[in-house]
Amino acid sequence: MQNNLKYDLPSKMSFSPGSVNYDNFKDTPEDYQTYMIRILAVMAYAENVGGTGIALLFNLAPDVERRYIISQIGYEEIKHARMVYRILNRLGISENTSVQIALGKTGEFNSVNNSLKPAEETYGDEENQWLDVVLNCFLMDGAGIHVIDNYAECSFQPLLEICRDIISKEEKMHVGFGQHEFAKLLDEHDDTELILERYKHWYSKSLNFFGPPDGRTAEKLSHYYIKPRTNDQLRKRHMKEIRHRLGKISHKLTDYILPLMESIESQTYPFPE
Ligand SMILES: [Fe+2]
Ligand SMILES: [Fe+2]
């Protein structure tokens, strides 16, 4: 991937997928290390919130088959969190410190762009129904896939490896489950107004998940191959893939969902949830 840089960048080092490992991490520019640690901390935090949060939703699953699958999804999210915390540990950062970094409470990391803010806790709402769990898997994990696939080509080899070998595959299964269950809900659920209202909420949230439009930081993260593709590029991929997945569902309600998506996308970040 070719970077067309509009800004002067400080580093003479060249970056490509997997070019940085534990042994030369300390040779990278200071801001490379800051960004990478922050990204790892935010990712571990989000995976952990996903895993612990989903446990609160077990009782919303309509039967033991679905309860079993979402408990497996929860287990996998905790597994992902553990993998990322292990990388952080090897960089000398404990889980506790990592959480402080993810929450922006540690001074030296405060200047990092807002796009790296931790994923919001999406599971705490007591009003949530099974429909919300399904849309969360379909749309939020759907967005997460693009972030993970981006890291699967990043310059930091340990992160590249876990994303490419394990996390990407498992996240795709989570989205597949969401898609399958959403198709079922469309057939069974008669409250179409509620479906459209919740879809709007989760789709907007999933667009916001990628962070603000590209600027100076995006350029630098792309140059460093920390995030080879920018927030806006990932957001576009997500919009396209969700349409592709909806095309496979082919239910009459998707005739209403597509214009709804277009009207949300025509607004600007942050998309109203
Ligand atoms: Fe995950
Ligand atoms: Fe997931």
Where residues in the range 137-162 are β-branched (Val, Ile, Thr) and under 11 Å from the mean Cα position of the chain (by Cα), which of them is farthest from ligand 2 (Cβ to nearest atom)?
Val147
All conditions in (1) aliphatic (A, V, I, L, M); (2) in a loop (DSSP other than H, G, I, E, B); (3) surrounded by fewer than 19 Cβ atoms within 10 Å (Cβ to Cβ) are true of Ile226 except (3)
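Return yes or no: is Ile242 among the aliphatic types (A, V, I, L, M) and more than 30 Å from Phe15 (Cβ to Cβ)?
On the way: among the aliphatic types (A, V, I, L, M): yes; more than 30 Å from Phe15 (Cβ to Cβ): yes.
It is true that Ile242 is among the aliphatic types (A, V, I, L, M) and more than 30 Å from Phe15 (Cβ to Cβ).
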Does any residue in the range 51-68 that is within 13 Å of Asp132 (Cβ to Cβ) and within 16 Å of ligand 1 (Cβ to nearest atom) come within less than 8 Å, Cβ to Cβ, of a residue that is part of a helix (DSSP H, G or I) and not β-branched (Val, Ile, Thr) six or more places away or on a different chain, and which pairs are these?
Ile54/Ser71; Ile54/Gly74; Ile54/Glu77
Taking the range 163-175 and keeping only residues that are over 10 Å from the mean Cα position of the chain (by Cα) and within 13 Å of ligand 1 (Cβ to nearest atom), one is left with Cys163, Ile166, Ile167, Ser168, Lys169, Glu170, Lys172, Met173, His174, Val175
Please go through (1) at pLDDT 95 or above; (2) β-branched (Val, Ile, Thr); (3) in contact with a Pro (Cβ under 9 Å, 6 or more places away or on another chain) for Val42 and return the number of the only condition it doesn't satisfy.
(1)
Scanning the range 7-16 residue by residue, those surrounded by fewer than 16 Cβ atoms within 10 Å (Cβ to Cβ) and either of a type in the set (A, V, I, L, M) or at pLDDT 95 or above (or both) turn out to be Leu9, Met13, Ser16
Name the single residue, out of those in the range 24-46 being free of Cβ contacts under 8 Å to residues at least 60 places away in the same chain and in a helix (DSSP H, G or I), that is nearest to ligand 1 (Cβ to nearest atom).
Ala44
Here is a list: Leu260, Leu207, Leu246. Which entry is in a helix (DSSP H, G or I) and farther than 21 Å from Lys172 by Cβ?
Leu260
Return the residue satisfying two criteria in turn: it lies in the range 69-87 and is surrounded by 20 or more Cβ atoms within 10 Å (Cβ to Cβ) and either more than 16 Å from ligand 2 (Cβ to nearest atom) or without any contact (Cβ under 8 Å) to a residue 12 or more places away in the chain (or both), and of such residues it is nearest to His174 (Cα to Cα).
Tyr85
State which residue pairs qualify: first residue under 10 Å from Asn21 (Cβ atoms) and inside the range 149-160, second residue modelled with pLDDT under 95 and assigned to a helix (DSSP H, G or I) in any location, beta carbons under 9 Å apart, and separation of 6 or more residues or different chains.
Phe156/Ile39
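Please indicate, with yes or no, whether at least one residue in the range 161-173 is among the basic types (Lys, Arg) and surrounded by fewer than 17 Cβ atoms within 10 Å (Cβ to Cβ). Spell out the reasoning first.
So in the range 161-173, the residues among the basic types (Lys, Arg) come out as 164, 169, 172.
From what's left, surrounded by fewer than 17 Cβ atoms within 10 Å (Cβ to Cβ): 169, 172.
For the range 161-173, residues among the basic types (Lys, Arg) and surrounded by fewer than 17 Cβ atoms within 10 Å (Cβ to Cβ): present.
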Quick one: is Asp149 out of contact with any Phe, Trp or Tyr (no Cβ under 6 Å at 6 or more places or on another chain) and over 29 Å from Arg86 (Cα atoms)?
no
Just the residues that are surrounded by fewer than 16 Cβ atoms within 10 Å (Cβ to Cβ), within 20 Å of the chain's Cα centre (by Cα) and more than 20 Å from Gln179 (Cβ to Cβ), please, taken from the range 234-273.
Thr268, Tyr269, Pro270, Pro272, Glu273
Working only within the range 230-264, note down all residues that are closer than 26 Å to Ile39 by Cβ and among the charged types (D, E, K, R).
Asp232, Arg235, Lys236, Arg237, Lys240, Glu241
Whichever residue in the range 174-213 is in contact with a helix residue (DSSP H, G or I) (Cβ under 8 Å, 6 or more places away or on another chain) and of a type in the set (D, E, K, R) and, among such residues, is surrounded by the most Cβ atoms within 10 Å (Cβ to Cβ)
Glu181
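The values are calculated or read from the model by the stated rules, or taken from the named source; none is laboratory data. Just so you know, these numbers come straight off a predicted model, no measurement behind them. Positions of Cβ are generated from backbone atoms using ideal geometry, with glycine treated the same way; all protein chains shown enter the neighbour counts.
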